[in-house]
1. Using θ = phi - 60° and the Karplus relation 6.51 cos²θ - 1.76 cosθ + 1.60, list the HN-Hα couplings for the stretch 123-135 in order, rounded to whole Hz, with x at every Gly or Pro.
2. Compute the length gained on full extension between GLU33 and THR17: take 0.36 nm times their separation in residues and subtract their Cα-Cα distance, giving the result in nm to one decimal.
3. Enumerate the calculated ³J(HN,Hα) couplings along the stretch 82-91 in order (Karplus 6.51 cos²θ - 1.76 cosθ + 1.60, θ = phi - 60°), each rounded to whole Hz, writing x wherever the residue is Gly or Pro.
4. Taking the mean number of other Cβ atoms within 10 Å as a proxy for protection, how do you rank 149-162, 13-26 from highest to lowest?
5. Determine how large the accessible area of ARG164 is when every protein chain is in place; take a 1.4 Å probe and give Å² rounded to the nearest 10.
6. Test of understanding: express the Cα radius of gyration of the chain as a ratio to 2.2 N^0.38 Å, with N the residue count.
7. When the Cα centres of the stretch 1-61 and the stretch 116-138 are compared, how far apart do they sit, in Å?
8. State to the nearest 20 debye the size of the charge dipole of the chain about its Cα centre, where the only charges are +1 on K and R beta carbons and -1 on D and E beta carbons.
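The values are calculated or read from the model by the stated rules, or taken from the named source; none is laboratory data. The structure displayed is predicted, hence computed values, not measured ones. With ideal geometry, Cβ positions are generated from the backbone for all residues, glycine too; neighbour counts draw on all protein chains shown. In case anyone asks, the SASA skips ligands and DNA or RNA and just uses the protein heavy atoms, side chains included. Shrake-Rupley method; radii C 1.70, N 1.55, O 1.52, S 1.80 Å.
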Amino acid sequence: MDHTDGLAFAIANSAGTPDRLGTPGALRAWLDEHWVDSGAPSDAVLLRVGDFRALRAALIVAFARTAEGSSPPDDVVDALNATSAMAPTWPVLRINGTAQNLEMETSDASETTRILASIARSAIELLGGPDAARLRECPACGRFFLASRPSQVWCSGACGNRTRVTRHRSRRAKVGA
Ligand SMILES: [Zn+2]
């Protein structure tokens, strides 16, 4: 799986103006877009929007530290691990006629807890796996992304161009002054 499709990237990049998790309504739109488990989230989930922002804050610290080549602080690691453990998940084998399928079973946690735990697990899979070495924070737009080559600095050609144009302009301004 490409981690940039995952919940962890989606939530880490949801801060900004307007904040994609700014209100219960915004959280509903964000979940509609990224959460594919079991249909529309209930109002009980949407009222916990503060918990989603708190998890995002921890995750952004973990991503930023990893992107700059250092380690996330202990309290952030503890928060991610504790959130993941709130809804234990395990694989089960299901037989349907001749079809044999692996399905994931989850403990009897609330819907909010299951979603938060999924986001934490998505972050842990990234930060604890080989892709962590490719995690970057774009200096132009602030988005997190996975570099496709070691020297990649910007998330996109557009961000690279914008930065070069700005530098060029500021150099010219200095020369003209
Ligand atoms: Zn960018």
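1. Couplings: 5, 5, 4, 6, 5, x, x, x, 5, 4, 5, 9, 6 Hz.
2. 4.0 nm
3. 5, 5, 4, 6, 5, 9, x, 10, 9, x
4. The densest-packed peptide leads the list: 13-26, 149-162.
5. Per-residue accessible area (ARG164): approximately 120 Å².
6. Dividing the Cα radius of gyration by 2.2 N^0.38 Å gives 1.24.
7. About 15 Å separates the Cα centre of the stretch 1-61 from the one of the stretch 116-138.
8. Computed charge dipole of the chain: roughly 1580 debye.
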